Amino acid sequence: MILKTIPRVHIETFGCQMNESDSELVRSMLKREGFVFTEDRERADVVLVNTCAIRENAHKKIYAHLSELKAIKKQRPLVVGILGCMAQNLKGELAEKEPLIDVLAGPDAYRQLPSLLTAALEEQEQGLSQKGLALDLSEYETYEGIMPDRDSGVNAWITVMRGCDNFCSFCVVPYTRGRERSRDPKSILLEARDAAARGFRQITLLGQNVNSYRHEEWDFSRLITAVADTPGIDRVRFTSPHPKDFPAALIEAIATHPRICKHIHLPLQAGSDRILELMGRTYTGTEYLTLVALIRRAVPDIVLTTDIICGFCSESDEDFQSTFRLVKQVQFDSAYIFKYSERKHTIAARKYADDVPDQVKGMRVAQLLETQRRITLERNRRYIGKSIRVLVERDATRSPAQAMGKTDGNITVVWDKGTGGFGPGTLTTKHIIDASAATLYGR
């Protein structure tokens, strides 16, 4: 059966940068098969929701979103597709309890989306209803040969590897994105050159454990150096690494290459050795501190950020104080701090009780957030009086009369447009006149 009209697709993305990158792949594959995209959900024949499964708040947002789509679907024909990690992790629950969903596709099944959506649209025209499912994990899929369909901007995400082999006990990623597999460096460098030709000035290399990248003789330090040598690219970033995979060659590349940003997001998760062992993180607090010292010795001006989980299974006050002391000792430039939320199918969900009261989790998060806010403010104030190179991104959020950009260390800078240097993609120098815990103010 041939569809009567060209289907219009609206895609909404939740969660991490990897999902943003995957949505670009989905757009590319569907456009190649004749689908068109619209920013207006009310005009769409198909709504795709690319989902996250990392934390409970992400689930709540997506279920609230599904309620909105349910109301729309009662008023007119609409095909609803759920993509990504939540589709993979909660496939049984979503398939059985959410009748509005027509298509479920996991992160390794996006090549099947054109046929799945076409079939769902055809069945809808015939008054039929049968779910299309594509949820198998792959040992090989890296979407080679698919050039992402990127929105214009300054930064281009490039996924260099997929999946994860770490199996941290709290994390659902190995169960939603499968085992690690790295892309061919030739295709990554081709994508980098394409991004530069399209006007992108920054590339962020992505992977669930990005510094574990390995393809034949290529490791991550060789790859990031080659990407940073791409003509037309001013900055290269990467996220997220694991502390266990930081060879000297990678630290040296960050220290010496002028276009590799002096910023490392180094997830800590906890400062207690007992909790780190339960989490399966494979390092101790002392080993983490040793790595931080090595990095700062090689790159004295490095900006270090991190992730921390409060209230993991059986976390005592003493365990939390170990994390608190380590945060004060390291002096991170910023930190993402979250309450532990149990994820289905993880090792922790199977083996450990989620026994820290929610109120205690909240108090620990609040205490760490306030401490980190003070540390961040103090560290940001060090830039006052200095002139810093900034890559301009867009208008500032609070006022179109201001522009914003990022330092090499990924710190936000805001300034009045009247002071010049506000074309997106421009590298400009700003003299810092003030600072908050979130922003530097320049002129």
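In this structure, is Gln367 open to solvent by 60 Å² or more (accessible area, probe 1.4 Å) and either assigned by the TED database to the domain that holds Lys262 or at positive phi (or both)?
When the stated conditions are applied, Gln367 passes them.
Can you pull out every residue in segment 106-119 that is touching a residue at least 40 places away in the same chain (Cβ under 8 Å) and open to solvent by less than 10 Å² (accessible area, probe 1.4 Å)? Explain how you work it out, then say what you get.
Here is the first cut: in segment 106-119, the residues touching a residue at least 40 places away in the same chain (Cβ under 8 Å) are 106-108, 110-111, 113-114, 117-118.
The answer is Gly106, Pro107, Tyr110, Leu113, Leu117.
For segment 247-264, what are the residues that are under 20 Å from the mean Cα position of the chain (by Cα) and assigned to a loop (DSSP other than H, G, I, E, B)?
Initial filter on segment 247-264 (under 20 Å from the mean Cα position of the chain (by Cα)): 260-264.
Listed by number, the residues that qualify are Cys261, Lys262.
Within segment 380-395, is there a residue that is within 30 Å of Arg177 (Cα to Cα), under 24 Å from the mean Cα position of the chain (by Cα) and buried (at least 18 other Cβ atoms within 10 Å of the Cβ)?
no
What about Ala437, is it within 30 Å of Ser316 (Cα to Cα) and either without any contact (Cβ under 8 Å) to a residue 40 or more places away in the chain or of a type in the set (Gly, Ala, Ser) (or both)?
Numbers: within 30 Å of Ser316 (Cα to Cα): yes; either without any contact (Cβ under 8 Å) to a residue 40 or more places away in the chain or of a type in the set (Gly, Ala, Ser) (or both): yes.
When the stated conditions are applied, Ala437 passes them.
Rundown of residues vs (1) under 30 Å from Ser316 (Cβ atoms); (2) outside the structural domain of Asn166 (by the TED database); (3) charged (D, E, K, R), yes/no style:
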{"site": "Tyr213", "(1), (2), (3)": "no, no, no"}
{"site": "Gly232", "(1), (2), (3)": "no, no, no"}
{"site": "Ile254", "(1), (2), (3)": "no, no, no"}
{"site": "Leu268", "(1), (2), (3)": "yes, no, no"}
{"site": "Arg274", "(1), (2), (3)": "yes, no, yes"}
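So which residues in segment 33-50 are open to solvent by 50 Å² or more (accessible area, probe 1.4 Å) and either touching a residue at least 60 places away in the same chain (Cβ under 8 Å) or hydrophobic (A, V, I, L, M, F, W, C) (or both)?
Glu33, Val36, Phe37
Can you run down the residue pairs with Cβ atoms below 8 Å, 6 or more apart or on separate chains, where the first is in segment 228-245 and closer than 17 Å to Tyr213 by Cβ and the partner is aromatic (Phe, Trp, Tyr) and not in a strand (DSSP E or B)?
So the pair list comes out as Phe238/Phe220; Pro243/Tyr283; Pro243/Tyr288; Lys244/Tyr283; Asp245/Phe220.
What's the number of the condition Asp102 fails, among (1) open to solvent by 10 Å² or more (accessible area, probe 1.4 Å); (2) in contact with a Ser or Thr (Cβ under 7 Å, 6 or more places away or on another chain)?
(2)
Only one of these is touching a Gly at 6+ places or on another chain (Cβ under 8 Å) and farther than 30 Å from Lys91 by Cβ: Val330, Val390. Name it.
Val390
Might you check whether a residue that is of a type in the set (S, T, N, Q), outside any strand (DSSP E or B), open to solvent by less than 50 Å² (accessible area, probe 1.4 Å) and not assigned by the TED database to the domain that holds Leu266 occurs anywhere in segment 422-433?
no
Go through segment 1-99 and tell me which strands (runs of 3 or more DSSP E), entirely inside it, have 3 or more residues that are modelled with pLDDT of 90 or more and more than 18 Å from Leu135 (Cβ to Cβ).
Result: 8-13.
Quick check on segment 311-341: of everything there that is more than 23 Å from Arg379 (Cβ to Cβ) and hydroxyl-bearing (Ser, Thr, Tyr), which residue is surrounded by the most Cβ atoms within 10 Å (Cβ to Cβ)?
Among residues in segment 311-341 that are more than 23 Å from Arg379 (Cβ to Cβ) and hydroxyl-bearing (Ser, Thr, Tyr), the one surrounded by the most Cβ atoms within 10 Å (Cβ to Cβ) is Tyr340.
The values are calculated or read from the model by the stated rules, or taken from the named source; none is laboratory data. Values in this document were obtained by computation on a predicted structure and should not be read as measured data. Ideal geometry is used to build each Cβ from the backbone, glycine not excepted, and the neighbour counts take in all protein chains shown. These accessible areas exclude ligands, DNA and RNA; they are computed on the full protein's heavy atoms, side chains included. Shrake-Rupley method; radii C 1.70, N 1.55, O 1.52, S 1.80 Å.
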